[in-house]
């Protein structure tokens, strides 16, 4: 009897984790404008939802099933969010303000493949350099690192644009130009780390 109870609790828990994970991913896809992908995910979401809810409703007299359903819901939200972070869908816009207008922010970031727009601005303590950068979310941490290398004291604000239209940079990203630049950088770093071999003298 106890074994059957534990099996039922485990099934309800797992089913609800899957359901809420898919629901979270579907909502994020919808917000990103990926309607068709979200619709495809919603089909599996609804099937799992009906199965899980049916198991609970058929066994409402078992309090442990309701607890398993609630805990599975909470865990599913966490897992769904983690999956979305790994997928890193969409783009982010990063606004940077540097107190040093002489820094070549635009040039150095464009060399790394980022889309950059810069202009002169004025702050409380004098001239500033304002920079706006667009990048896929999967390169977000790399971008912050690059900014910190150029100006550790730079002021940074980031947000996620809902719609992007036009511009040559988006086409370059879709062709994988930014990814190619990242791969070249990694290869260069690996070559610098590898020790150079010295020729050995042979006796005749």
With respect to residue 27, is the statement that it is out of contact with any helix residue (DSSP H, G or I) (no Cβ under 9 Å at 6 or more places or on another chain), outside any loop (DSSP other than H, G, I, E, B) and farther than 27 Å from residue 115 by Cα true?
-> no
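Here's the yes/no breakdown for (1) more than 30 Å from residue 33 (Cβ to Cβ); (2) touching a helix residue (DSSP H, G or I) at 6+ places or on another chain (Cβ under 7 Å); (3) surrounded by 13 or more Cβ atoms within 10 Å (Cβ to Cβ); (4) modelled with pLDDT of 80 or more:
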position: 109; (1), (2), (3), (4): no, yes, yes, yes
position: 131; (1), (2), (3), (4): no, yes, yes, yes
position: 147; (1), (2), (3), (4): no, no, yes, yes
position: 196; (1), (2), (3), (4): yes, no, no, no
Qualifying residues in segment 1-42 (those that are farther than 22 Å from residue 70 by Cβ and either outside the structural domain of residue 81 (by TED's automatic domain parsing) or over 24 Å from the mean Cα position of the chain (by Cα) (or both)) - the one surrounded by the most Cβ atoms within 10 Å (Cβ to Cβ) = 3
Specify which of the listed residues (97, 71, 116) is touching a residue at least 40 places away in the same chain (Cβ under 8 Å) and part of a strand (DSSP E or B).
-> 97
Conditions: (1) surrounded by 13 or more Cβ atoms within 10 Å (Cβ to Cβ); (2) at pLDDT 85 or above. Residue 74 meets all but one. Number of the miss?
-> (1)
Quick check: is even one residue across segment 149-156 in a helix (DSSP H, G or I) and free of Cβ contacts under 8 Å to residues at least 60 places away in the same chain?
-> yes
By residue number, the members of segment 55-68 that are part of a helix (DSSP H, G or I) and at pLDDT below 80 are 55, 56, 57
Exception for residue 92 within (1) surrounded by 17 or more Cβ atoms within 10 Å (Cβ to Cβ); (2) part of a helix (DSSP H, G or I) falls at (2)
Please work out if residue 49 is part of a helix (DSSP H, G or I), on the phi < 0 side of the Ramachandran plot and touching a helix residue (DSSP H, G or I) at 6+ places or on another chain (Cβ under 8 Å).
-> yes
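The values are calculated or read from the model by the stated rules, or taken from the named source; none is laboratory data. What you see is a predicted model, and the numbers here were worked out from it, not measured in a lab. Don't worry about glycine lacking a Cβ; one is built from the backbone with ideal geometry, like all the others, and counts go over all protein chains shown.
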